[in-house]
Every structure is written in C-alpha cells, then in structure tokens.
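**Q** Below: one structure in structure tokens.
The values are calculated or read from the model by the stated rules, or taken from the named source; none is laboratory data. Since this is a predicted model, take the numbers as computed values, not measurements. Heads up, the Cβs are rebuilt from the backbone with ideal geometry, glycines too, and the neighbour counts pull from every protein chain shown.
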C-alpha cells in the first residue's frame, strides 16, 4: 500500500562529501552561528563543537552533563538550549556541546532535531526532504 508524504523543503546534498551535510543556524544570547552539520538519524543527540558554543557566548561547562557512547569511545556532552534553524524550520532545542576543543564534527541527531521534523532521504538523486513534525 503506497503512502503519500508532503515535504515542503527539499535540498540537494553532495554525496562526494563525507556524510550528508546540510546548512544550519544556531542562535542564543543574541548571537548567531551558521554551520554545516552531518545528518545522523542513528545518533541520539545533536552534538556540536565547543567552538560553536563559545561563538554563542555559552559557558560550555555550565551545561548538564550527558554521557555519550560513540564508535570512537565515550565522552560527556554538555546540554544547553539553543534555537536551531534548518532551512525554513526553526525550533528551540536542547543540544549537546563537546567539551574538548577542535574535536569531532557537528551532528544532527534525534533529540533536538529529528524529533521536531519529518525526514525523507533518497540517495540515488542525493535529496533530503524535510517537514515540520507539528503542522
């Protein structure tokens, strides 16, 4: 039985990059940071580099510690609330920041990003489709 889905946002990503990267905007404290983040529906949390938090004037160590397990080992992410924009979608999210400098990449996971939207993905034509979860 076929299903009809409606996605108002579509974006062509480049598969020659490592992973599926999409543009994002984080805001807090009157500060804005534009960045690319890797779409990772297998990651439980959104995790961003420490340098992003510092650009947003966030004291990383003041965040709530959240233990994370990765393929490379474990770390403690520090949770903070930001406004996250992906294309025309905007929502307040609790995201984690890596306490180490120059570590890792920016990741869009389930908590803070995917739980706020509907996601469609087609690899053959390199398209990602997004819609707000609550319309």
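**Q** Please return the ranges of strands (runs of 3 or more DSSP E) entirely within region 1-53 where 2 or more residues are under 10 Å from the mean Cα position of the chain (by Cα) and closer than 22 Å to residue 126 by Cα.
**A** Of the strands (runs of 3 or more DSSP E) lying wholly inside region 1-53, those with at least 2 residues that are under 10 Å from the mean Cα position of the chain (by Cα) and closer than 22 Å to residue 126 by Cα span 21-28, 31-39.
**Q** Examine region 66-78 for a residue that is surrounded by fewer than 16 Cβ atoms within 10 Å (Cβ to Cβ) and either under 21 Å from residue 31 (Cβ atoms) or in contact with a helix residue (DSSP H, G or I) (Cβ under 7 Å, 6 or more places away or on another chain) (or both), and state whether such a residue exists.
**A** No, that holds for no residue.
**Q** Check whether at least one residue in region 44-54 is surrounded by fewer than 19 Cβ atoms within 10 Å (Cβ to Cβ) and within 22 Å of residue 133 (Cβ to Cβ), and report yes or no.
**A** yes
**Q** Given the structure, is residue 126 over 16 Å from residue 37 (Cβ atoms), surrounded by fewer than 17 Cβ atoms within 10 Å (Cβ to Cβ) and touching a residue at least 60 places away in the same chain (Cβ under 8 Å)?
**A** yes
**Q** If the requirement is being without any contact (Cβ under 8 Å) to a residue 60 or more places away in the chain, assigned to a strand (DSSP E or B) and out of contact with any strand residue (DSSP E or B) (no Cβ under 8 Å at 6 or more places or on another chain), which of these qualifies: 74, 69?
**A** From the options 74, 69, the qualifying one is 69.
**Q** How many residues does region 101-135 contain that are over 28 Å from residue 16 (Cβ atoms), in contact with a helix residue (DSSP H, G or I) (Cβ under 9 Å, 6 or more places away or on another chain) and not in a strand (DSSP E or B)?
**A** Here the count works out to 3.
**Q** Okay, moving on. Determine which single condition residue 54 fails, assuming it passes every other condition in (1) under 19 Å from residue 9 (Cβ atoms); (2) modelled with pLDDT of 95 or more.
**A** (1)
**Q** Moving to a separate point now. Would a scan of region 80-88 turn up a residue that is outside any strand (DSSP E or B), surrounded by 13 or more Cβ atoms within 10 Å (Cβ to Cβ), in contact with a helix residue (DSSP H, G or I) (Cβ under 8 Å, 6 or more places away or on another chain) and modelled with pLDDT of 95 or more?
**A** Checking region 80-88: not a single residue is outside any strand (DSSP E or B), surrounded by 13 or more Cβ atoms within 10 Å (Cβ to Cβ), in contact with a helix residue (DSSP H, G or I) (Cβ under 8 Å, 6 or more places away or on another chain) and modelled with pLDDT of 95 or more.
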